[in-house]
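Report on one structure; see the data block that follows.
The values are calculated or read from the model by the stated rules, or taken from the named source; none is laboratory data. Note that the structure is predicted; figures quoted are calculated from it, not measured. Backbone-built Cβ (ideal geometry, glycine too); neighbour counts: all protein chains shown. These area figures cover heavy atoms from the full protein model, side chains too; ligands, DNA and RNA do not enter into them. Shrake-Rupley method; radii C 1.70, N 1.55, O 1.52, S 1.80 Å.
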Amino acid sequence: MNILISAIICTHNRARYLIKAIQSLIDQCIPKEDYEIIIVDNCSTDFTKEVVEQYSYRVNIKYFYEPALGLSFARNTGWRNAKGKYIAYLDDDAIACPGWLNKILEVFETVRPRPGCTGGKVMPIWETSRPKWLSDWLLHGLTIIDWSDTPHVLPNLSEEWLVGANIAFPADILKRANGFTPSLDRVGNNLLSSGDVFLEKQIVKMGYSCFYHPDIAIGHHIFASRLNQKWFIRRYYWQGVSDAVMQILQERPATVQRFRYVISKVKIFIKSPKKIQRLILATDDPEQFTQKCFDLIALGHIYGLLRIAKL
């Protein structure tokens, strides 16, 4: 069988959502002999395996168990066992639009020079009403992106990026980049992130582009448990830690240089009582809470630079 594309779902204890994610891949507008569906079970303790077994009649669905807890481990297990020319990732709590795989193939086969990765819109599936304090910018923390209705190369990954919930790569490039780094992304209940963005930056360094196409679209469940300020405070603090990990991986700064970074960031807080006030006081104002989250990124970055000894 000549498989064009492998669609991979990495999952951890989300069996009820996984059913819908798998079904959205089964319903793709592409001949079933042209693609495979790979489910990577990352240490689930629910009925994940039983869910996948319901689809055992389909020859293009494969199940793998990854015993090392961590999203990056699971994603790497996925591409290393894939047979497709291209590798596409879908989150276990997401639903792919029917033309998802076709559009990914179209980008890789028609855009020149060929991109090193592609992805598109992630639209929210709200499980409860959106809080008034939740600004549009903070939606990015929920893995929601909509950069425009125009396909384009992403010129600056600090301003626009692709997300692991909806991203695809040529298999040869993913192999050359050595996949996802284990130092980033979720491990259990922590909120470490940015393994996707770090890989995108590595691919750009290799001389390839990251290409956004709005029609490579998915829906993404937004859990009610995340729509509270406590979760966002943790999310953006850990974003700062993740940024520190990426900086250490990219720059390999000596200990002295790390302390210089930390001192410069601490000075910014000392010189700005407003930042300290924002961190202490509660607010339901969207703009103020967004700024508070930015300040938490800076705090997390300081912690990450001090705490992470060696990568």
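List the lysines whose Cα lies under 18 Å from the Cα of Lys121, skipping any in the same chain that are fewer than 8 positions away. Straight-distance partners of Lys121: Lys103.
Within a straight-line Cα-Cα reach of under 12 Å, Lys265 can be paired with the following aspartates and glutamates, leaving aside sequence neighbours fewer than 8 residues apart in one chain: Asp295.
Between the beta carbons of Ile19 and His140, assuming R0 = 22 Å, the FRET efficiency works out to 0.20 to the nearest 0.05. Taking amide H as placed 1.01 Å from N in the peptide plane, Tyr86 has its amide H under 5 Å from the amide H of Ile5, Ser6, Ala171, each at least 5 places away in sequence or on another chain. Label-to-label distance for Tyr63 and Arg130 is 3.8 nm, based on points extended 7 Å past Cα in the beta-carbon direction.
In debye, nearest 20, what is the charge dipole magnitude of the chain about its Cα centre with +1 on Lys and Arg Cβ and -1 on Asp and Glu Cβ, if you could check? All intermediate terms of the calculation are to be shown ahead of the outcome.
Values: 38 positive and 31 negative charges, 281 e Å.
The calculation lands at about 1360 debye.
A Cβ-based charge dipole, computed about the Cα centre of the range 170-262 with Lys and Arg at +1 and Asp and Glu at -1, lands at about 380 debye.
Could you calculate the FRET efficiency of Ser225 with Asn81 from 1/(1 + (r/R0)^6), where r is the beta carbon distance between them and R0 is 25 Å, rounded to 0.05?
Numbers: r = 32 Å, r/R0 = 1.27.
So the FRET efficiency works out to roughly 0.20.
Largest accessible area first, the listed residues Glu53, Glu200 line up as Glu53, Glu200 when surface is computed with a 1.4 Å probe on the assembled protein chains. By the rule of a C-alpha distance below 21 Å, with chain neighbours fewer than 8 residues away ignored, the lysines paired with Lys175 are Lys62, Lys83, Lys85, Lys201, Lys205. Other residues lying with their Cβ under 12 Å from the Cβ of Pro170 contribute a combined charge of +2, Lys and Arg counting +1, Asp and Glu -1. Computed from the C-beta positions of Asp27 and Asp285 and an R0 of 51 Å, the FRET efficiency is 0.75 to the nearest 0.05. The HN-Hα couplings worked out from phi for the range 141-153 by the Karplus form 6.51 cos²θ - 1.76 cosθ + 1.60 (θ = phi - 60°) are x, 9, 6, 9, 9, 7, 6, 4, 9, 10, x, 6, 6 Hz, whole numbers, x standing for Gly and Pro.
So, for the range 223-311, what is the accessible surface per residue at a probe of 1.4 Å, expressed in square angstrom? Let's see the in-between values first.
Numbers: 5150 Å² over 89 residues.
Solvent-accessible surface per residue comes out at 58 Å².
Largest GNM mean-square fluctuation across Leu139, Leu90, Leu227, computed for the chain with C-alpha springs under 10 Å, falls on Leu139. Ordering Pro273, Ile144, Asn178 by Cα displacement along the dipole of the chain toward the positive end leaves Pro273 in first place; charges were set at the Cβ atoms of Lys, Arg (+1) and Asp, Glu (-1).
Comparing Ile248, Trp79, Ile38 along the charge dipole axis of the chain, the residue lying farthest to the positive side is Ile248, per the Cβ-charge model.
Comparing Ile104, Cys10, Ala217 along the charge dipole axis of the chain, the residue lying farthest to the positive side is Cys10, per the Cβ-charge model.
In degrees, nearest 10, range 0 to 90: what is the angle between the Cα axis of helix 100-110 and the longest Cα principal axis of the chain? Tilt relative to the chain: about 90 degrees. The distance between label points at Phe47 and Ile263 comes to 6.0 nm (points 7 Å beyond Cα on the Cα→Cβ vector). Computed from label points 7 Å out along Cα-Cβ, the spacing between Ser56 and Val204 is 4.6 nm.
Look at [x] 19.8, 64; [y] 22.0, 76; [z] 21.2, 66: the one that is Rg and Dmax of the Cα atoms in Å derived from this structure is [x].
Calculate for the chain the 222 nm mean residue ellipticity that helices alone would give, adding -39,500 (n - 2.57) per DSSP H run of length 4 or more and normalising by residue count, nearest 500 deg cm²/dmol.
Numbers: 10 runs with 125 residues, N = 311.
Taken over the chain, the calculation gives -12500 deg cm²/dmol.
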